[in-house]
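This report refers to the structure that appears directly beneath it.
The values are calculated or read from the model by the stated rules, or taken from the named source; none is laboratory data. Computed from a predicted structure; not experimentally measured. Cβ sites come from the backbone with ideal geometry, for glycine too, and all protein chains shown count toward neighbours.
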Amino acid sequence: MNLVELPPGTRVEISLLVVEIQSRGGDTPHTVLVLANAAGQIPSAPFWASEPSRLDGVTPGSVLRVSGTVSSYRRRPQLSVGRFSVVPPDQVDWESLLPSIGDRRPCWSMADQWRLQMDSPRLAAILELFFADPEFRTAFGDCPASTAGHHARLGGLLLHTVEVGRIALAMAELHPHGLDRDLLLTGALLHDIGKIEAYQWGGGFRVTVAGMALGHVMLGARMLEQRLAGMGPTGLTEIERQLLLHLLLSHHGRLEFGAPVAPMTLEAELLHLADNASARAASMAEALASSDLFGGESITLRPVWTLDRRRAWRGRSEWGRPPERETAAGHRGPAAVSHAAPWSGWPSSPVLQRERCESDRVADRSLAEHPEAPHRGG
Ligand SMILES: [Fe+2]
Ligand SMILES: [Fe+2]
């Protein structure tokens, strides 16, 4: 339920995540909570300074069960909060509060198929170190691929990883000579494992201290080394160990984009290109899906941070094709299979919604808050 789309006066009983607590001074000091669920964000009506104890125990990341009424202030929706209680963390349904890719099974099916069909027993064994570990699978399946950029959703890392594998495989068909397909797929599956230590997602998407201090590229290489060490004698040769680590360390492509080394093998080059393609395409698709960025226009109202400060354009035409139609089963007719306005049915990213009213100056602040800038490696 996207609260900002409800008419003023609508009463709701709903769980909401506290994204931010804004304390405002002036003649009438008050506090505003920025509240969110998976569908979007809405500010609360003011909590006045005369009632400070109402917010005792409420912190960013808290989840509140709220009884309230949607209202409007200066034509902008807000939520007048009546009764509320803090939901214990072990009772929170994060899928309803944070953006999510939804059903993970198709992605897991593809990732597991890749690793179980490896010809190389040593690469298969290395992948099993991670993907046969239930704890790793839970974290990897929930982790976002970024906190505010591409695939910033629960399950986003898994989706991005599968996209990278598919793109890499497609490019591999064009360059089959001298290419180790198993090594390329292993690199695709492992390239961003460091993100499960670099990000936290319960209570909202944030970069961890380790993510700030070391970055996911370094963390991923360290995780690989640790699991290899715990494996005992692996039978890996030194050159095999180096080839594998090289994939993880070089996948951002260039030193200025966070790669300690630049790609030096065909597998590393394809992995880097696939990683970038997945990240950039997702950022553009997510921007186009955000109606808030467009304000009813066909071009975004301002440059978009997740597009490296470019604007996005919803330019399209039917090019003489017949109008799109829906079949009885609800599927789009053949003429519209690949050309239907995709953004009409896509969920809008709360991250992007948040930026709709912010100036470029604030976008710069966002860059500082999210040090892993978009498109400097995915
Ligand atoms: Fe990465
Ligand atoms: Fe990536």
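When residues in region 97-119 are screened for being surrounded by fewer than 16 Cβ atoms within 10 Å (Cβ to Cβ) and among the hydroxyl-bearing types (Ser, Thr, Tyr), 1 of them pass.
Does Leu236 satisfy being buried (at least 19 other Cβ atoms within 10 Å of the Cβ), away from ligand 1 (no atom under 15 Å from the Cβ), within 15 Å of Ala125 (Cβ to Cβ) and in contact (Cβ under 8 Å) with a residue 40 or more places away in the chain? Answer is no for this residue. Being over 12 Å from the mean Cα position of the chain (by Cα) and within 12 Å of ligand 2 (Cβ to nearest atom) is the filter; apply it to region 192-217 and report the residue that is nearest to Ser62 (Cα to Cα). Filtering first and then ranking leaves Ala198.
Of Arg206, Arg227, all but one fail to be farther than 30 Å from Val18 by Cα, touching a residue at least 40 places away in the same chain (Cβ under 8 Å) and not aliphatic (A, V, I, L, M); the exception is Arg227. Scanning region 145-162 for residues being without any contact (Cβ under 8 Å) to a residue 60 or more places away in the chain and among the hydroxyl-bearing types (Ser, Thr, Tyr) gives a total of 1.
Looking across region 62-92 at every residue that is farther than 24 Å from Pro8 by Cα and at pLDDT 90 or above, the one that is surrounded by the most Cβ atoms within 10 Å (Cβ to Cβ) is identified as Ser62. Can you spot a residue in region 119-140 that is modelled with pLDDT of 95 or more and closer than 23 Å to Asn37 by Cβ? Yes - at least one qualifying residue is present in region 119-140. Listed by first and then second residue, the pairs linking a residue in region 259-276 that is assigned to a loop (DSSP other than H, G, I, E, B) to a residue that is more than 14 Å from ligand 1 (Cβ to nearest atom), with Cβ atoms under 6 Å apart and 6 or more places separating them unless they lie on different chains, are Pro263/Glu269. Only one entry of Leu129, Leu169, Leu179, Leu185 meets the criterion of being without any contact (Cβ under 8 Å) to a residue 24 or more places away in the chain, more than 16 Å from ligand 1 (Cβ to nearest atom) and farther than 20 Å from Ile101 by Cβ, and that entry is Leu169.
Residue count for region 191-217, restricted to those that are within 11 Å of ligand 1 (Cβ to nearest atom) and assigned to a helix (DSSP H, G or I): 5.
Of everything listed in (1) at pLDDT below 90; (2) closer than 24 Å to Gln200 by Cβ; (3) of a type in the set (Ser, Thr, Tyr), the single unmet condition for Thr28 is (2).
Counting just the residues of region 246-256 that are surrounded by 18 or more Cβ atoms within 10 Å (Cβ to Cβ) and part of a helix (DSSP H, G or I), which one comes out farthest from ligand 1 (Cβ to nearest atom)? That would be His246.
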